[in-house]
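Read through the structure below, which is laid out as structure tokens, and then see the notes.
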Amino acid sequence: MGCLEVVETHRSVRSFSREPIPDEDLNKILRAAQRHVSPWNLQPIHVTVVRDEGLKSKLAEILWGQEQIKDAPVFLVFSIDYAKVLRALEKIGAESKVLGLADLVQGFISASVALGWSILVAESLGYVVNIIAAYGRPCAVADTLNLPKYVVPIAGLLVGKPAGELPPVTPRAPIGASVGLDGYGSVDEKSEYYAKTVEGFVDKVARVLRPGGPVDRMEKEIRECYEARGFKI
Ligand SMILES: Cc1cc2nc3c(=O)[nH]c(=O)nc-3n(C[C@H](O)[C@H](O)[C@H](O)COP(=O)(O)O)c2cc1C
């Protein structure tokens, strides 16, 4: 499948067969992550390949009991990684600044590029994927995977073959909601486009973003984890 077709036919799949992924294909998916771009080519990312059944079960439990993590043959955990960067500096006797928000932003973007490229390659090879919000429980995931300080998980990626029928492609808001020419445009107009995604879409967003809702509940754990893992935010 070509790149454009992959993008047009993408859908998150949450039901996987146990069929394993041959190493040759897995290596192509990991190669895509390795080829990510990053500021100054710092490459502040790490991908943990999780295939062990016990580890997958533990991660499924931590990540809100998402059973799909157990079923997929491979769970790739994408992290921001400054551990190796700092160690390399230490080895040449160079001092590092205190790591903070700018480093995290750079890490998020780099790891997200890696994640996106891995998705493209996996789907072009005929696999299905789903992203898992590992950023919501970063330290629990990091501890389970024995990740060192200065490494923080941001997203998991399940890769495998589907069990059963593929779900339908999920609609997006009209392009005006997310694209502006030479600027932003009208917030009102965009919010109307946004509301046109599917019926009831804004109500769903309201549930997700409500005070005390699922995103709000992650906030404290994320902040504490970044501090504990060496980032001053
Ligand atoms: C940052 C991020 C976190 C996500 N976390 C989860 C998750 O934990 N569990 C899940 O089933 N899907 C998760 N998803 C998948 C989204 O729900 C999905 O991409 C979105 O609803 C659009 O559907 P589509 O991928 O089928 O087009 C996540 C997606 C992103 C980008």
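The values are calculated or read from the model by the stated rules, or taken from the named source; none is laboratory data. Computed from a predicted structure; not experimentally measured. All Cβ positions, glycine included, derive from the backbone under ideal geometry; neighbour counts span all protein chains shown.
Among the residues of region 67-92, those that are of a type in the set (A, V, I, L, M), outside any strand (DSSP E or B) and within 15 Å of ALA111 (Cα to Cα) comprise ALA83, VAL85. Within region 114-131, being surrounded by fewer than 22 Cβ atoms within 10 Å (Cβ to Cβ) and within 9 Å of the ligand (Cβ to nearest atom) holds for ASN130, ILE131.
Exactly one residue out of GLN68, GLN43 is away from the ligand (no atom under 16 Å from the Cβ) and touching a helix residue (DSSP H, G or I) at 6+ places or on another chain (Cβ under 9 Å): that is GLN43. Scanning region 134-177 for residues being touching a helix residue (DSSP H, G or I) at 6+ places or on another chain (Cβ under 6 Å), away from the ligand (no atom under 15 Å from the Cβ) and in a helix (DSSP H, G or I) gives a total of 3.
Any residue at all in region 149-156 that is modelled with pLDDT of 95 or more, closer than 30 Å to SER17 by Cβ, in contact with a Lys or Arg (Cβ under 8 Å, 6 or more places away or on another chain) and of a type in the set (Ser, Thr, Tyr)? No: zero hits. Of the residues ASP71, ASP52, only one is in the same structural domain as ILE109 (by TED's automatic domain parsing), touching a residue at least 24 places away in the same chain (Cβ under 8 Å) and of a type in the set (Asp, Glu); which? Unique residue meeting the criteria: ASP71.
Residues considered: ALA88, ALA111, ALA134. Of these, the only one that is over 16 Å from ILE69 (Cβ atoms), buried (at least 22 other Cβ atoms within 10 Å of the Cβ) and modelled with pLDDT of 95 or more is ALA111. Restricting PRO171, PRO211 to those that are within 30 Å of LEU30 (Cα to Cα) and out of contact with any strand residue (DSSP E or B) (no Cβ under 7 Å at 6 or more places or on another chain) reduces the list to PRO171. Listed conditions (1) surrounded by fewer than 20 Cβ atoms within 10 Å (Cβ to Cβ); (2) outside the structural domain of SER96 (by TED's automatic domain parsing) are all met by ASP143, apart from (2). Applying the condition of being β-branched (Val, Ile, Thr) and out of contact with any Lys or Arg (no Cβ under 8 Å at 6 or more places or on another chain) to region 166-182 and asking which residue is surrounded by the fewest Cβ atoms within 10 Å (Cβ to Cβ) yields ILE175.
Quick check: is even one residue across region 15-33 farther than 20 Å from ALA111 by Cα, surrounded by fewer than 18 Cβ atoms within 10 Å (Cβ to Cβ) and within 16 Å of the ligand (Cβ to nearest atom)? Within region 15-33, one or more residues are farther than 20 Å from ALA111 by Cα, surrounded by fewer than 18 Cβ atoms within 10 Å (Cβ to Cβ) and within 16 Å of the ligand (Cβ to nearest atom).
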